[in-house]
Amino acid sequence: MKIGILTSGGDCPGINATIRGVGKTAIMHYGMEVYGIHSGYKGIISEDIERFTERSLSGILNLGGTILGTSREKPFRKQLIANEDDIQEKLLRKYRELGLDCVVCIGGNGTMKTANVISRLGLNVIAVPKTIDNDIWGTDITFGFNTAVNIATEAIDRLHSTASSHKRVMVIEVMGHHVGWIALHAGMAGGGDVILIPELGFNIQKINEFILGRAARGKPYSIVVVAEGIDTPKCMKPAEYIALEISRGTGIETRQTVLGHIQRGGNPSPFDRNLATLLGGHATEMISRGEFGRMVCVNGNHISSIPLDEVANKLKLVKDNNNLIIQGRRMGICFGN
Ligand code: F6P
């Protein structure tokens, strides 16, 4: 069999480990021909592909980013290819001309949506979910998330000593444009006092009362962890808005930190390397069995798969009965409401 691998959407730690997991298993175990497709879906159309060998897949397990390059461009937007009217038809034609038997699409929510479209077009597709946000519906966890939580937790740990020395409120903004998985997990692991996530909403008065209450109990400093997706005025960064409202409402000196892409760059954690390797291996097994149109997923301790149709256009949100929220509330952590 001749298979292609592409990466699409924002990068995250563990993508190269997945490419290696798919490629090496395909070459060494199944004797397949493996091709890397560059720059996401548009690489199929522009035939930007390279043959992978076992050797070319060496040394990438611990490498951040993606050796194939990626793009957030939507492949079915007309302007992607000049003078091209029917991109869907062109994609299918190129896939056939290249003689591919399957495309492994490694990506986030947008990639799953497109993978579903091209699968319906007639391409054999297997998708592997990746995102630091951990918001892909149908899988318990995505690789990249554990690494991002480690980085965000370390940053929160570092804020504690300066916050307590200066008796300040420190607001830290972490990624998660629709969901609060990173904020919740890093906030709890880093001992955050206030954790704000988009799923729960917040009331700034309640937050200020909580911070003043801590000060009255002899804790004049607080750590506030906010997800970038919380609902704040569009003209301000969430951390900026929350810090301003806290300093106005409490009179306590407040500082803000926006962690940004530091959470997404660099080496994957050992957990993410192994998760990515297992998902890649499973994807290859599915190719050998001809199980197409599906996304590899983690279900408890098992790796399995679900139809792309079920995944596309959904988001995995944090629920308010999440164990960390329940336990956090019992320990007096403020979730903003
Ligand atoms: O989807 C992952 C993510 O890192 C989000 O948390 C963040 O909002 C977004 O990507 C940033 O995207 P970009 O790198 O394109 O600015």
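The values are calculated or read from the model by the stated rules, or taken from the named source; none is laboratory data. A quick note: this is a predicted structure, and the numbers were derived from the prediction, not measured. Every residue, glycine as well, gets a Cβ built from its backbone with ideal geometry; the counts of neighbours run over all protein chains shown. These area figures cover heavy atoms from the full protein model, side chains too; ligands, DNA and RNA do not enter into them. Shrake-Rupley method; radii C 1.70, N 1.55, O 1.52, S 1.80 Å.
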Within the stretch 304-322, restricting to residues that are in contact (Cβ under 8 Å) with a residue 24 or more places away in the chain and open to solvent by 50 Å² or more (accessible area, probe 1.4 Å), the one that is nearest to I333 (Cα to Cα) is D320
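Going by what's in this entry, would I326 be described as part of a strand (DSSP E or B) and open to solvent by 30 Å² or more (accessible area, probe 1.4 Å)?
No, not satisfied.
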Can you pull out the residues in the stretch 218-264 that are among the hydrophobic types (A, V, I, L, M, F, W, C) and assigned to a loop (DSSP other than H, G, I, E, B)?
I230, C235, M236, I252, L259
Kindly indicate the residue of the stretch 112-124 that is touching a Cys at 6+ places or on another chain (Cβ under 9 Å) and closer than 16 Å to R93 by Cβ and also farthest from the ligand (Cβ to nearest atom) among those meeting that condition.
N124
Can you tell me which residues in the stretch 275-302 are in contact (Cβ under 8 Å) with a residue 24 or more places away in the chain, under 16 Å from T142 (Cα atoms) and open to solvent by 40 Å² or more (accessible area, probe 1.4 Å)?
T277, L278, R294, N299, G300
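Do we find that L212 is in contact with a helix residue (DSSP H, G or I) (Cβ under 6 Å, 6 or more places away or on another chain), open to solvent by 20 Å² or more (accessible area, probe 1.4 Å) and not basic (K, R) in this structure?
For L212, the condition - in contact with a helix residue (DSSP H, G or I) (Cβ under 6 Å, 6 or more places away or on another chain), open to solvent by 20 Å² or more (accessible area, probe 1.4 Å) and not basic (K, R) - is met.
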Taking the condition modelled with pLDDT under 95 and basic (K, R), does K130 pass?
no
Here are the criteria: (1) open to solvent by less than 60 Å² (accessible area, probe 1.4 Å); (2) at pLDDT below 95. Tell me which single one K74 does not satisfy.
(1)
Can you work out which of the residues in the stretch 155-193 that are touching a Gly at 6+ places or on another chain (Cβ under 6 Å) and assigned to a loop (DSSP other than H, G, I, E, B) is surrounded by the fewest Cβ atoms within 10 Å (Cβ to Cβ)?
H177
If a residue must be away from the ligand (no atom under 15 Å from the Cβ) and free of Cβ contacts under 8 Å to residues at least 40 places away in the same chain, how many such residues does the stretch 133-186 contain?
7
Taking the stretch 242-258 and the residues there that are more than 20 Å from S164 (Cβ to Cβ) and either within 16 Å of the ligand (Cβ to nearest atom) or not small (G, A, S) (or both), the one that is surrounded by the fewest Cβ atoms within 10 Å (Cβ to Cβ) would be R248
Scanning the stretch 25-59 for residues that are in contact (Cβ under 8 Å) with a residue 60 or more places away in the chain, open to solvent by 10 Å² or more (accessible area, probe 1.4 Å) and not polar (S, T, N, Q), which turns out nearest to L121 (Cα to Cα)?
Y35
Taking the conditions exactly as written (outside the structural domain of V117 (by TED's automatic domain parsing) and in contact with a strand residue (DSSP E or B) (Cβ under 8 Å, 6 or more places away or on another chain)), does I333 satisfy them or not?
yes
